[in-house]
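Below is the structure I would like to discuss, written out as structure tokens.
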Amino acid sequence: MVPGALGAYRREVMQGGGSYDSDTLVEDFDVTIKALKSGQIVQASTSAVSYTEAPVTVKDFVKQRLRWYRGNFQAMWKHRDAVFNSRYGFLQKLAFPHMVISMIFLPLAGIVNIVSSAQIIADGNGLMLLPTFGFFCFLQLLLSIMAIQLDGEDKKLALYSPLLILGYKQLCDFVMMRSFFDVVTRKKLKWTSARRIGADTSGQTL
């Protein structure tokens with residue numbers, strides 16, 4: 001996907017595939033799919049740098065992700081003709097299957113896993129889960145260290161990596177499933193975004 005925070009399009013790509021529409025909450029994702037459907041190539045730069053403002057509270061984080069996930073599902077539904085049409089090549093063979101698996105099946109599997117784990121703990125067999133939990137925490141720690149090294153960040157941040165296994169993922173899965181059902185039930189969706197604080201430390205929106 002061409003990110004909204006830092007993305008650029010050639011004029012002929014926009015003219016050939018279509019410009020921004022107002023029928024989804026994620027115009028960047030929508031335009032990216034249009035470009036791919038028209039046979040264009042989307043490329044990323046490893047040297048590009050963009051500074052964005054991240055949510056500072058859980059409430060703002062949920063608002064941001066609700067818009068992202070709802071918009072993604074809207075865009076996928078809007079372009080559902082690409083699922084079975086081989087003329088769309090990469091989009092049909094790889095991109096759309098990956099999106100369906102990562103945005104629907106994996107969150108569902110995560111929720112089933114949490115329910116099953118809770119049942120195992122309730123039955124008094126919680127110790128059985130520790131080796132598996134420890135293994136995934138170790139893998140996440142390695143991935144976090146690699147990401148921190150690439151970005152030159154503080155290595156102490158790796159200590160928070162277990163929260164990506166237990167806490168962050170479950171929150172994202174819940175928000176994603178809520179977004180899916182909001183779109184499926186055709187709920188009236190509005191733009192939800194985090195507060196923009198910027199350099200103002202008062203907490204007011206800028």
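Where a number appears in this text, it was derived from the coordinates with a stated rule and is not lab data. Since this is a predicted model, take the numbers as computed values, not measurements. Neighbour counts are summed over all protein chains in view; Cβ atoms, including those assigned to glycine, are modelled from backbone coordinates with ideal geometry.
Name the most mobile residue of Gln74, Gln92, Gln119, meaning the one with the largest mean-square fluctuation, in a Gaussian network model of the chain with Cα contacts below 10 Å.
Fluctuation is largest for Gln119.
Now for a separate question. Is the shape of region 19-95 best called rounded, prolate or oblate, per the rule: a/c under 1.5 gives rounded, else a/b larger than b/c gives prolate, else oblate, with a ≥ b ≥ c the square roots of the Cα gyration tensor eigenvalues?
Taking the square roots of the gyration eigenvalues as a ≥ b ≥ c, region 19-95 is oblate.
Here is a follow-up. One-quarter of the Cα convex hull surface for the chain, in nm²?
15.1 nm²
Still on this structure, I have one more. How high is the FRET efficiency from Leu150 to Leu130, r the C-beta distance, R0 35 Å, rounded to 0.05?
0.70
Given the Cα-Cα distance of Phe181 and Phe138 and 0.36 nm per residue of separation, how much length would full extension add, in nm?
12.1 nm
Counting alpha carbon pairs within less than 8 Å and at least 6 residues apart, what relative contact order, in whole percent, applies to the chain?
That works out to 24 percent.
Once you mark the chymotrypsin sites (Phe, Trp or Tyr not before Pro) that are in a DSSP loop and have at most 15 other Cβ atoms within 10 Å, what is the longest gap between them in the chain?
The segment 85-190 is the longest one with no such site.
Next question. I'd like the distance between the alpha-carbon centres of region 4-23 and region 32-68, rounded to an integer number of Å.
If you average the Cα positions of each part, the centres end up 14 Å apart.
Among residues other than Thr32 whose Cβ falls under 14 Å from its Cβ, what is the net charge (Lys/Arg +1, Asp/Glu -1)?
0
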